[in-house]
Amino acid sequence: NVPEDQADKLLLESWGLPKAVLEKYHSLGVVQMFEWQAECLMLGQVLEGKNLVYSAPTSAGKTLVAELLILKRVLETRKKALLILPFVSVAKEKKCYLQ
């Protein structure tokens, strides 16, 4: 569970994302995360590029965790990222979404 003094970490705006990115998520109705998603982002040195392995049921929100980690790293390091997706249709959808 997210400690009470870090409850603000459930809000997307707490993660230092640019305004344009936050506006895009907000337009899609995504304003905050589930507790487990914030916990993933707060584990160890995940935000500094260390590995993270997590599992959740279909449609539980795994993609949001991956997107936030990728976006933060790309914006902070100015390096490219590789996102591997299982189907061409999902890849096309994410390409449009992330642009």
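Each value in this text was obtained by applying a stated rule to the coordinates, not by laboratory testing. The structure presented is a predicted model; accordingly, all values stated were derived computationally and were not measured. Neighbour counts are summed over all protein chains in view; Cβ atoms, including those assigned to glycine, are modelled from backbone coordinates with ideal geometry.
Just subtract the alpha-carbon distance of Gln6 and Val53 from 0.36 nm times their residue separation and send over the number in nm, one decimal.
14.7 nm
Arranged from highest to lowest average of other beta-carbon atoms within 10 Å per residue, in what order do the peptides 64-71, 9-16, 92-99 appear?
Packing proxy ranking, top to bottom: 64-71, 9-16, 92-99.
Please work out the Cα center distance from the stretch 1-28 to the stretch 47-99, rounded to the nearest Å.
Result: 16 Å between the Cα centres.
Where a Cα-Cα gap under 17 Å defines reach, which lysines qualify for Lys24, not counting those fewer than 8 residues away within the same chain?
Lys72, Lys94, Lys95
Output the peptides 26-33, 76-83 sorted from most to least packed, where packing is the average of other Cβ atoms within 10 Å over each peptide's residues.
26-33, 76-83
Search the structure for amide H atoms under 5 Å from the amide H of Gln32, placed 1.01 Å from N in the peptide plane, and list their residues when 5 or more places away or on another chain.
Leu12
Can you work out ³J(HN,Hα) from phi for every residue in the stretch 45-53, in order, using Karplus 6.51 cos²θ - 1.76 cosθ + 1.60 and θ = phi - 60°, giving whole Hz and x for Gly and Pro?
Those phi angles translate into 10, 4, 5, 9, x, 6, 6, 9, 10 Hz.
Per residue of the stretch 92-99, what does 6.51 cos²θ - 1.76 cosθ + 1.60 with θ = phi - 60° give for ³J(HN,Hα)? Whole Hz please, x for Gly and Pro, Karplus curve as stated.
Per residue, the Karplus-derived 3J(HN,Hα) values read 5, 4, 5, 4, 5, 5, 6, 5 Hz.
Put +1 on the Cβ of each Lys and Arg and -1 on the Cβ of each Asp and Glu in the stretch 1-80; which of Gly16, Thr77, Gln45 then has its Cα farthest toward the positive end of the dipole?
Thr77
Give me the mean projected area, in nm² to one decimal, of the convex hull enclosing the Cα positions of the chain. Intermediate values should be presented prior to the final figure.
Working: hull surface 27.2 nm².
The number I arrive at for the chain is 6.8 nm².
Give me the extension gain from Ser89 to Leu28: residue separation times 0.36 nm, minus the current Cα-Cα distance, reported in nm with one decimal.
This chain segment gains 20.0 nm when fully extended.
About its Cα centre, what dipole magnitude does the chain give when the only charges are +1 on Lys and Arg Cβ and -1 on Asp and Glu Cβ, stated in debye to the nearest 20?
720 debye
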